[in-house]
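The values are calculated or read from the model by the stated rules, or taken from the named source; none is laboratory data. What you are looking at is a predicted structure, and each value in this text was computed from that prediction instead of being measured. Here the Cβ positions follow ideal geometry from the backbone for every residue, glycine too, while neighbour counts run over all protein chains shown.
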Ligand code: CA
């Protein structure tokens, strides 16, 4: 077990101390011009007496902006005296990637969200993943990790969660996600999930909610608004903050619509490297058999485009991001209304 090996990352926050503490984790990074150099990762702890601990993380991927913005605002405005319990904020977990505006770390070219549970003697991303897993998570009861679709795709504004086997944790997770109050909450069975932060959180029996609050290289105005409201909503739901979550939606719906992305036919993949012309925006209703988009070969005058079709009916959760796509890239994900019976099969 790697857990017995101590992290090389220094943390001067005393998580048992009441009040606000704002500091930086100090992660060693030896380089040509600074053998004893470090990378400073912002961390803020708020505590008042006894109560649950809620962790908000952003910037796990460096090109996703809504989470870091919403969490940084909360870090500056939250009053420790007005909470009951503890709130740990990490607005830019993967700070080298955040400052580089890339999904992957510029230090080791890794996606930290594929490095969990990490390794204290591994690469920079593996070392940071191990720190999150072994030092931060043991304090935590509820984790909300704010993501967007980065430069990969464009998402319908949503929270998301895995279909956790433990019924009690699954129901609590669904309650926290509903309290966050995004237009959609998507239960999903992911791709390559064992090495994600979410999976580390779940292995420790902690409630884990993620978000997709926009994407495709820009700040989604509504995503920031939903994100900010969602953070305080979760604190209210957990009893850390007074008041009831506000979940009313712009379209008049009173609350989050629970969805699932289980049907693998809902994933649309590019068949060739080409210029992709999508037919729909995220959040649009689509039907199985509908044209999803066309792969254009503009370098070849006489070549017809390849048409891609949806394999499932529902609402488009993830829409295409970049115009140039490679063979095998995911260019659309359809979600369906949550069905507990179907989810259990
Ligand atoms: Ca992401």
Exercise. Pick out the one residue from 292, 255, 282, 270 that is within 16 Å of residue 153 (Cα to Cα) and within 22 Å of the chain's Cα centre (by Cα).
Key: 282
Quiz prompt | Cross-chain or 6+ apart pairs with Cβ under 6 Å, the stretch 120-131 first and without any contact (Cβ under 8 Å) to a residue 40 or more places away in the chain, then crowded, with 22+ Cβ neighbours inside 10 Å | solution = 125/105; 125/112; 125/115; 126/115; 126/118
Exercise. Could you tell me which of the residues 96, 91, 106 is within 25 Å of residue 215 (Cα to Cα), crowded, with 20+ Cβ neighbours inside 10 Å and more than 17 Å from the chain's Cα centre (by Cα)?
Key: 96
Quiz item: Pick from the stretch 335-345 the residues that are touching a helix residue (DSSP H, G or I) at 6+ places or on another chain (Cβ under 9 Å) and part of a strand (DSSP E or B): which of them is farthest from residue 282 (Cα to Cα)?
Solution: 336
Practice problem: Can you confirm whether the stretch 91-99 contains a residue that is farther than 26 Å from residue 53 by Cβ, out of contact with any strand residue (DSSP E or B) (no Cβ under 8 Å at 6 or more places or on another chain) and modelled with pLDDT of 95 or more? | Solution: yes
Exercise. Any residue in the stretch 8-34 that's modelled with pLDDT under 95: show its pairings with residues that are assigned to a strand (DSSP E or B) at Cβ separation under 7 Å, as long as the two are six or more apart or on different chains.
Key: none
Self-check item: Positions within the stretch 248-267 being surrounded by 15 or more Cβ atoms within 10 Å (Cβ to Cβ) and farther than 22 Å from residue 222 by Cβ, in sequence order
Solution: 260, 262, 263, 266, 267
Quiz item: What number of residues in the stretch 24-52 are under 18 Å from residue 137 (Cα atoms) and surrounded by 11 or more Cβ atoms within 10 Å (Cβ to Cβ)?
Solution: 13
Quiz item: If we keep just the residues of the stretch 49-79 that are assigned to a helix (DSSP H, G or I) and touching a helix residue (DSSP H, G or I) at 6+ places or on another chain (Cβ under 8 Å), which is nearest to the ligand (Cβ to nearest atom)?
Solution: 67
Exercise. Working only within the stretch 5-42, note down all residues that are in contact with a helix residue (DSSP H, G or I) (Cβ under 8 Å, 6 or more places away or on another chain), in a strand (DSSP E or B) and more than 23 Å from residue 106 (Cα to Cα).
Key: 19, 20, 22
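Here's the yes/no breakdown for (1) modelled with pLDDT of 95 or more; (2) within 16 Å of the ligand (Cβ to nearest atom); (3) touching a helix residue (DSSP H, G or I) at 6+ places or on another chain (Cβ under 6 Å):
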site	(1), (2), (3)
132	yes, yes, no
139	yes, no, no
146	yes, yes, yes
173	yes, no, no
193	no, yes, yes
199	no, yes, no
203	no, no, no
Quiz item: If residue 127 satisfies every condition in (1) modelled with pLDDT of 95 or more; (2) surrounded by 19 or more Cβ atoms within 10 Å (Cβ to Cβ); (3) within 16 Å of the ligand (Cβ to nearest atom) but one, which is the exception?
Solution: (3)
Quiz item: Across the stretch 97-117, what is the total count of residues that are away from the ligand (no atom under 16 Å from the Cβ) and either within 29 Å of residue 175 (Cα to Cα) or not in a loop (DSSP other than H, G, I, E, B) (or both)?
Solution: 2
Quiz item: Any idea which of 288, 344 is at pLDDT below 95 and out of contact with any strand residue (DSSP E or B) (no Cβ under 6 Å at 6 or more places or on another chain)?
Solution: 344
